[in-house]
Structure formats: C-alpha cells, structure tokens
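*Asks:* The structure follows.
The values are calculated or read from the model by the stated rules, or taken from the named source; none is laboratory data. Computed from a predicted structure; not experimentally measured. Please note: Cβ atoms are built from the backbone with ideal geometry, for glycine as well, and neighbour counts cover all protein chains shown.
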Amino acid sequence: MSAREALKSHQRVVVKVGTTTLTYPNGRLNLRRIEEICTVLSDLCNQGKEMILVTSGAIAVGADRLGLTERPRDVVGKQAASAVGQAMLMQIYQRFFSRYNQEIAQILLTKDVIENEVSKQNARNTLKALREMRVIPLVNENDSVSTDELGFSENDTLSAYVSILSDSELLINLSDTDGMYDADPKQNPGAKVFREIPAITREIEELAGGSSSKLGSGGMISKITAAKLVTERGIDMVIASGEDPAIIWRLLAGEPEGTLFIKKSGGNVWIPSN
Ligand code: GLU
C-alpha cells in the first residue's frame with residue numbers, strides 16, 4: 001500500500017488552521033471558510049473518525065474586535081487581544097458546529113504544560129476523555145499568558161505536540177501554501193511541489209529556510225520542525241492549502257494533494273505512555 005493510500009485508514013486526525021486561512025487580509029473573519037471547516041470536521045466525525053482542530057486566530061480576531069488597525073506588537077497587547085479574540089473565536093465555532101449537533105471543547109496550552117510531566121499527562125487525559133465522548137477539541141496556545149520567548153509563538157509546533165499527546169495518526173497542516181516546493185514559487189514559476197517527502201534531510205531543512213535559507217519562505221521552517229517531531233514518532237503529516245477546506249476529505253481519500261511527510265516506521269514509532 002502506498003503512503004497516500006495509507007491515509008485512507010487513518011482514524012485519529014489533527015487539523016491545524018492558521019490565521020491567514022481563517023481571516024481576510026483586512027483582519028476580519030472569513031466566516032465562509034470557517035463554516036466549511038466545521039462542516040468537514042463534523043462530517044468526518046460522523047464517519048467515525050476522531051478529529052482535533054488546532055486553531056489560531058485569537059490575536060487577529062481580538063485586534064479586529066477591539067478596533068485596532070493592526071495586530072499588536074507588544075507582549076501585553078497581544079495577550080489582551082487574544083483574551084478577547086479567543087472567546088469570540090469559540091463563539092463563532094460553537095455556532096457553526098452546533099448546526100450539526102457537534103459538541104466541541106476548548107483546550108488552551110502553553111509550552112510549560114507540555115514540558116511538565118504532570119500537566120502533560122493531564123492534557124493527554126483530557127484529550128482522551130473528550131475523544132471517548134466524541135467531542136472535537138479546539139486547541140490553541142494560551143496566548144493571554146504566554147510570551148514569544150516562552151511560548152510556542154506559532155501553532156505549527158503546538159499542533160505537532162497535540163498530535164503526539166493525542167496519539168494521532170495524521171497531522172494536516174492547512175496554510176496559505178499548497179505544499180513544500182523545490183524553489184520559491186513566487187519567484188520561480190517553474191518551482192515544483194514535493195508530493196511526498198520520505199525523510200527530512202538536511203537539504204529539505206535548508207530549502208525550507210534552515211541554517212542557510214534558499215527560499216526564505218517564512219513559515220516553512222516551523223512546519224518542517226513540526227514534521228520532524230511527528231514523523232519520528234510514527235505520525236504522518238501533510239502540508240496543504242487551506243483555501244478549500246474540502247481538501248481534508250480529499251486527503252483522507254488518498255488523493256495526491258499537498259506535501260506528505262511520511263512517518264518513520266520501525267524503531268522510532270511513537271509508543272503511547274498510557
Ligand atoms: N496562537 C496565535 C493566535 O491564536 C497564533 C499563532 C500562529 O499564528 O501560529 O492568534
């Protein structure tokens with residue numbers, strides 16, 4: 001069975017959506033897209049799959065709600081905006097998910113929760129209990145108490161840890177790129193997207209903007225870091241465009257979209273600790 005075919009059988013899936021997928025360039029919520037995400041996730045739950053959504057957007061939504069003309073740059077400004085925005089974001093999700101009678105839950109994590117064995121186990125237990133009740137957890141960083149220096153600062157790494165904590169089989173990272181390219185597609189029209197990456201080599205890291213950036217494509221390096229974290233623990237990861245949330249259905253049908261980072265098999269497979 002090909003690695004793409006194998007995606008069809010994955011039951012426990014984490015979907016990560018970034019702020020650019022959830023908002024328009026003017027900072028306001030893209031309600032249509034959010035509704036589509038809720039429809040796809042509810043439908044997949046109805047199929048019996050166990051879905052988790054890692055969602056950004058708290059700071060952007062809060063800034064918009066507070067009438068700020070741009071995203072705050074200072075720490076306390078971001079913390080305050082996220083406190084307003086997170087509540088708003090959940091309210092919107094709740095409204096759309098309730099159309100399908102799909103229960104959701106909010107989990108806000110910080111880096112120290114993941115680093116501490118006791119709190120990590122608590123997060124793991126909560127995710128497990130929610131899964132058993134067929135509730136979709138909506139996870140974000142607890143931006144109202146975290147800082148850029150001490151926090152994850154982006155949700156790519158957070159989504160990798162959530163995939164590991166929940167013993168998931170697949171992480172789908174939806175963003176504004178439809179995968180990883182062999183050159184910067186904005187500057188090089190002939191750039192080709194990788195459909196499958198069987199191993200994250202030094203070349204792949206450098207291409208993504210690692211030690212000596214060839215592309216300088218901002219967010220790709222944190223996605224590669226996330227891919228490394230999960231694939232080493234036996235979890236597949238796909239980077240795909242969030243423009244059309246129906247892509248989640250297509251990926252789970254084994255269609256060759258986005259870039260698939262194939263999990264490592266053998267010795268490094270993730271062994272749940274409970
Ligand atoms: N946690 C941040 C938020 O909800 C976003 C982090 C990210 O953009 O990845 O606004």
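*Asks:* Can you find, within the stretch 79-91, the residue that is farthest from the ligand (Cβ to nearest atom) among those that are over 19 Å from Arg33 (Cα atoms) and either buried (at least 24 other Cβ atoms within 10 Å of the Cβ) or of a type in the set (Asp, Glu) (or both)?
*Replies:* By that ranking, first place goes to Ala81.
*Asks:* A further question follows. Counting residues that are at pLDDT 95 or above, which helices (runs of 4 or more DSSP H) fully inside the stretch 99-173 reach at least 3? Break it down stepwise before answering.
*Replies:* Values: elements: 111-115, 117-132, 155-165.
Correct list: 117-132, 155-165.
*Asks:* Do you know which residues across the stretch 79-98 are more than 22 Å from Gly151 (Cα to Cα) and touching a residue at least 60 places away in the same chain (Cβ under 8 Å)?
*Replies:* Of everything in the stretch 79-98, those that are more than 22 Å from Gly151 (Cα to Cα) and touching a residue at least 60 places away in the same chain (Cβ under 8 Å) turn out to be Ile92, Phe96.
Yes/no per residue for (1) closer than 24 Å to Gln47 by Cα; (2) within 16 Å of the ligand (Cβ to nearest atom); (3) under 20 Å from the mean Cα position of the chain (by Cα); (4) surrounded by fewer than 19 Cβ atoms within 10 Å (Cβ to Cβ):
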| residue | (1), (2), (3), (4) |
| --- | --- |
| Gln106 | yes, yes, yes, yes |
| Glu115 | no, no, yes, yes |
| Gln121 | no, no, no, yes |
| Lys128 | yes, no, yes, yes |
| Ile136 | yes, no, yes, no |
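*Asks:* Separate question: So which of Ser241, Ser168 is touching a residue at least 12 places away in the same chain (Cβ under 8 Å) and crowded, with 21+ Cβ neighbours inside 10 Å? Step through it out loud before you land on a result.
*Replies:* On the way: Ser241 fails: crowded, with 21+ Cβ neighbours inside 10 Å.
When all the criteria are applied, what remains is Ser168.
*Asks:* If the Cβ limit is 8 Å and pairs must be 6+ apart or interchain, which residue in the stretch 99-119 that is within 16 Å of Glu50 (Cα to Cα) pairs with which residue that is assigned to a loop (DSSP other than H, G, I, E, B) and of a type outside the set (Val, Ile, Thr)?
*Replies:* Glu103/Met133; Glu103/Arg134
*Asks:* Filter the stretch 23-39 down to residues that are β-branched (Val, Ile, Thr) and under 14 Å from Ile104 (Cβ atoms) and give me whichever is surrounded by the most Cβ atoms within 10 Å (Cβ to Cβ).
*Replies:* Narrowing the stretch 23-39 to residues β-branched (Val, Ile, Thr): 23, 34, 37, 39.
With under 14 Å from Ile104 (Cβ atoms) added as a condition, the list becomes 34, 37, 39.
On the way: Ile34: 22, Ile37: 25, Thr39: 18.
Only one residue tops the list, namely Ile37.
*Asks:* Please state which one of Val76, Val54, Val14 is in contact (Cβ under 8 Å) with a residue 60 or more places away in the chain and more than 12 Å from the ligand (Cβ to nearest atom).
*Replies:* Values: Val76 fails: in contact (Cβ under 8 Å) with a residue 60 or more places away in the chain; Val54 fails: more than 12 Å from the ligand (Cβ to nearest atom).
The conditions single out Val14.
*Asks:* Looking only at the stretch 138-161, count how many residues are more than 17 Å from Ala81 (Cα to Cα), away from the ligand (no atom under 11 Å from the Cβ) and either of a type in the set (Asp, Glu) or over 11 Å from the mean Cα position of the chain (by Cα) (or both).
*Replies:* Selection size over the stretch 138-161: 2.
*Asks:* Related question: Return a yes/no flag: does the stretch 59-69 have any residue that is touching a strand residue (DSSP E or B) at 6+ places or on another chain (Cβ under 6 Å) and within 12 Å of the ligand (Cβ to nearest atom).
*Replies:* If we filter the stretch 59-69 for residues that are touching a strand residue (DSSP E or B) at 6+ places or on another chain (Cβ under 6 Å), which is where we start, we get 60.
Imposing the further condition that a residue be within 12 Å of the ligand (Cβ to nearest atom) reduces the set to 60.
Looking through the stretch 59-69, at least one residue is touching a strand residue (DSSP E or B) at 6+ places or on another chain (Cβ under 6 Å) and within 12 Å of the ligand (Cβ to nearest atom).
*Asks:* Follow-up question, since we're still on this one. Does at least one position in the stretch 63-75 carry a residue that is in a helix (DSSP H, G or I) and of a type in the set (Gly, Ala, Ser)? So that I can check it myself, show each step before the final result.
*Replies:* So the first thing to find is which residues in the stretch 63-75 are in a helix (DSSP H, G or I), and the list is 63-65, 75.
Okay, now just the ones that are also of a type in the set (Gly, Ala, Ser), so 63.
The answer is yes, given that some residue of the stretch 63-75 is in a helix (DSSP H, G or I) and of a type in the set (Gly, Ala, Ser).
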